[in-house]
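**Q** First, the structure itself, so that you have it in front of you.
The values are calculated or read from the model by the stated rules, or taken from the named source; none is laboratory data. It should be emphasised that the depicted structure is a prediction, and the values quoted were computed from it without experimental measurement. Cβ placement follows ideal geometry from the backbone for every residue including glycine, while neighbour counts extend to all protein chains displayed. Only protein heavy atoms, including side chains, enter the accessible area calculation; ligands, DNA and RNA are left aside. Shrake-Rupley method; radii C 1.70, N 1.55, O 1.52, S 1.80 Å.
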Amino acid sequence: MNRTDVVRTLAATFALATISMGAAAQQQAAPVNPAAAMVSGPYGAPISLADAKKAGAAALAEAAKLGVPMVIAITDISGELIYFERMDGAIA
């Protein structure tokens, strides 16, 4: 590898690093209070912890009835975890 190839490789590496840092800098910061940003969206109203626990209990009861250990995860409409429970013997 001659000097020109080394310089080209370093320049390409620097360019990729600069582009990736620029893309990361353009991402919007998360709201200070995520709960304040929760509004009804096209998928329905946000789920409360109490409602998530009720849904989780129903899922656990059904899994117990079927005799299949399961992992229950309930998220809000943006994908944030609200409730999580793993039954004994479930593979997570």
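**Q** Could you please give the count of residues in the range 81-92 that are surrounded by 11 or more Cβ atoms within 10 Å (Cβ to Cβ), outside any strand (DSSP E or B) and out of contact with any helix residue (DSSP H, G or I) (no Cβ under 7 Å at 6 or more places or on another chain)? Talk me through it step by step, then tell me what you get.
**A** We begin by selecting, within the range 81-92, every residue surrounded by 11 or more Cβ atoms within 10 Å (Cβ to Cβ); these are 82-87, 90.
Still in the list and also outside any strand (DSSP E or B): 87, 90.
From what's left, out of contact with any helix residue (DSSP H, G or I) (no Cβ under 7 Å at 6 or more places or on another chain): 90.
Counting residues in the range 81-92 that are surrounded by 11 or more Cβ atoms within 10 Å (Cβ to Cβ), outside any strand (DSSP E or B) and out of contact with any helix residue (DSSP H, G or I) (no Cβ under 7 Å at 6 or more places or on another chain) gives 1.
**Q** How many of the residues in the range 40-73 are open to solvent by less than 50 Å² (accessible area, probe 1.4 Å), within 21 Å of ILE91 (Cβ to Cβ) and part of a helix (DSSP H, G or I)?
**A** Within the range 40-73, residues that are open to solvent by less than 50 Å² (accessible area, probe 1.4 Å), within 21 Å of ILE91 (Cβ to Cβ) and part of a helix (DSSP H, G or I) number 4.
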